[in-house]
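Chemist: Shown below is the structure under consideration.
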Amino acid sequence: MSQGKYIGVLTSGGDAPGMNAAIRAVVRTGIYHGNTLFGINRGYQGMIEGDIEQLNRYSVSNIIKDGGTCLQTARSSEFLTKEGREKAFKNIKRFGIDSIIVIGGDGSFRGLHQLIQEFPIQGIGLPGTIDNDLYGTDFTIGFDTAVNTALEAIDKIRDTASSHSRLFIIEVMGRTSGYIALYTGIGGGAEDILIPEAPMDMQKLTAKLNAQHKAGKKSSIIVITEGEAAGGAFEIKSNIEKVIEWDIKVSVLGHVQRGGDPSAFDRVLASRLGYESVLAVMNNENDKMVGMANNTATLTPLEDTWTKKKDMDMTYLKMNEVLAAQQEKALEVIA
Ligand code: ADP
């Protein structure tokens with residue numbers, strides 16, 4: 001293992017609860033092993049502007065419990081250009097930084113991969129996104145907290161849905177990935193879950209909802225992903241309200257899902273990945289993402305994280321259909 005490295009850490013792209021716990025673990029593991037640590041503020045934009053400072057173990061005291069990121073995050077259009085990346089590279093070299101750990105999602109990893117191709121810099125990615133859409137890790141930092149936040153909202157919505165005998169369509173985040181919808185839907189006892197990975201036939205859905213209504217079901221909740229092919233929650237509502245006997249309401253949960261204190265799961269995952277990312281740097285690994293798969297630390301080439309599709313276990317969706325089915329009516333719909 002190489003010691004005495006100059007390691008820069010940054011958070012980039014969309015923020016996710018648990019990023020602070022990851023920063024803390026990177027800084028403390030790095031210093032423990034005799035490296036010098038730098039915080040790069042505001043993602044790649046801070047790199048371009050030279051917004052960089054040395055960190056000590058106390059710089060990251062008391063942040064493990066906080067949502068957001070103490071290094072702040074940004075989206076940088078300048079970093080999309082070669083000139084921008086060159087400026088960024090020159091700045092980190094001014095501080096003697098020879099390796100960087102980037103906490104972010106697939107966009108941030110594309111940027112890191114590009115930088116590594118063009119300049120002599122070592123880089124490791126750490127998966128921080130609520131969407132859980134990265135190949136190479138079972139879970140990403142922030143996903144568990146986002147699901148718990150959405151779940152809290154669904155529990156409250158169910159109270160009003162059942163009091164008024166309503167059908168609620170709840171839209172959660174996830175872009176083109178259905179993980180947040182799947183886990184939130186199952187945890188919240190949703191009657192239906194619409195995810196991009198398993199396009200739903202609208203006719204089948206409306207037939208099922210009407211059957212539920214006729215069977216005397218008081219309320220129903222459908223959870224959908226923001227990037228659903230059939231459209232957002234409002235679009236789906238306008239498509240089905242002509243043929244549905246229920247009063248339909250829509251709730252788009254939005255940015256509330258990104259905030260809040262990280263869950264215990266996210267703090268532990270972030271700590272482990274922060275720790276593993278420094279070991280990867282010291283083992284001279286490059287252009288890879290650290291992850292956890294089957295409870296084992298893994299390294300995946302950065303390019304795979306966005307070119308390969310993470311396998312979703314469809315048993316969860318099937319299971320939810322069974323759990324939500326009104327037995328005799330389910331048979332009728334199948335027939
Ligand atoms: P996330 O990491 O959450 O997916 P973004 O997609 O917004 O977030 O990416 C974060 C930043 O990474 C962008 O603002 C940009 O600076 C950089 N980036 C994204 N894609 C590329 C790319 N293909 N080449 C270079 N930099 C990129």
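Chemist: Write down, largest first, the equivalent ellipsoid semi-axes of the chain in whole Å, where each equals the square root of 5 times an eigenvalue of the alpha-carbon gyration tensor.
Modeler: Calculated on Cα positions only, the semi-axes equal 43, 18, 17 Å.
Chemist: Related question: Just check segment 143-258 against the gyration tensor rule for me: Cα atoms, a ≥ b ≥ c as the square roots of the eigenvalues, rounded for a/c under 1.5, and otherwise prolate or oblate depending on whether a/b exceeds b/c.
Modeler: oblate
Chemist: Within segment 45-82, list the residues whose amide N lies under 16 Å from a label point set 7 Å along Cα→Cβ of GLN114.
Modeler: Counting only backbone N, you get 45-49, 74-82.
Chemist: Just the number, please: carbon plus sulfur as a percent of the accessible area of the chain, 1.4 Å probe, no ligands or DNA/RNA counted.
Modeler: Ligands and nucleic acids excluded, carbon and sulfur reach 49 percent.
Chemist: Considering only C-alpha atoms, what is the centroid distance from segment 232-270 to segment 282-306, in Å?
Modeler: 31
Chemist: Tell me which DSSP H helices of the chain clear both cut-offs, 24 Å or more of axial length from alpha-carbon atoms and a mean Kyte-Doolittle hydropathy of at least -0.5.
Modeler: 143-164, 264-282
Chemist: What ranking do 79-85, 99-105, 138-144, 149-155 get when scored by the average of other Cβ atoms within 10 Å per residue, highest first?
Modeler: So the order, starting with the most tightly packed, is 99-105, 138-144, 149-155, 79-85.
Chemist: Pick out, in residue order, every one of the trypsin sites (Lys or Arg not before Pro) in segment 207-300 that is DSSP loop and has at most 13 other C-beta atoms within 10 Å; say none if there are none.
Modeler: Listed in order of number, the matching sites are LYS218, LYS242.
Chemist: Okay, moving on. Test of understanding: what is the full-extension gain from SER165 to LYS87, defined as 0.36 nm times their sequence separation minus their Cα-Cα distance?
Modeler: 22.2 nm
Chemist: Heavy atoms only, 1.4 Å probe, whole protein assembly: order LEU302, LEU317 by accessible area, highest first.
Modeler: Correct descending sequence by accessible area is LEU317, LEU302.
Chemist: List residues of segment 275-295, by number, whose backbone nitrogen lies under 11 Å from a label position 7 Å along Cα→C-beta of ASP313.
Modeler: 294
Chemist: Restricting to the chain, compute how many DSSP beta bridges are antiparallel as a %, nearest 5.
Modeler: Here the antiparallel bridges make up roughly 25 percent for the chain.
Chemist: Using the alpha-carbon centroid of each, what span in Å lies between segment 43-114 and segment 137-182?
Modeler: If you average the Cα positions of each part, the centres end up 31 Å apart.
Chemist: For PHE89, PHE109, give the ranking by accessible area with the largest first, probe 1.4 Å.
Modeler: Result of the area sort, largest leading: PHE89, PHE109.
Chemist: Calculated FRET efficiency, GLU78 and LYS214, Cβ-Cβ r, R0 41 Å, to nearest 0.05?
Modeler: In this case the efficiency is close to 0.10.
Chemist: Continuing with the same structure: For segment 148-210, what does the alpha-carbon gyration tensor say about shape, rounded, prolate or oblate, given a ≥ b ≥ c as the root eigenvalues, a/c under 1.5 as rounded, and a/b over b/c as prolate?
Modeler: It is oblate, given that a/c is not under 1.5 and a/b is not larger than b/c.
The values are calculated or read from the model by the stated rules, or taken from the named source; none is laboratory data. Quick caveat: nothing in here was measured; it's all calculated off a predicted structure. Here the Cβ is made from the backbone with ideal geometry for all residues, glycine too, and neighbour counts use every protein chain on show. Heavy atoms of the whole protein, side chains included, go into the accessibility calculation; ligands, DNA and RNA do not. Shrake-Rupley method; radii C 1.70, N 1.55, O 1.52, S 1.80 Å.
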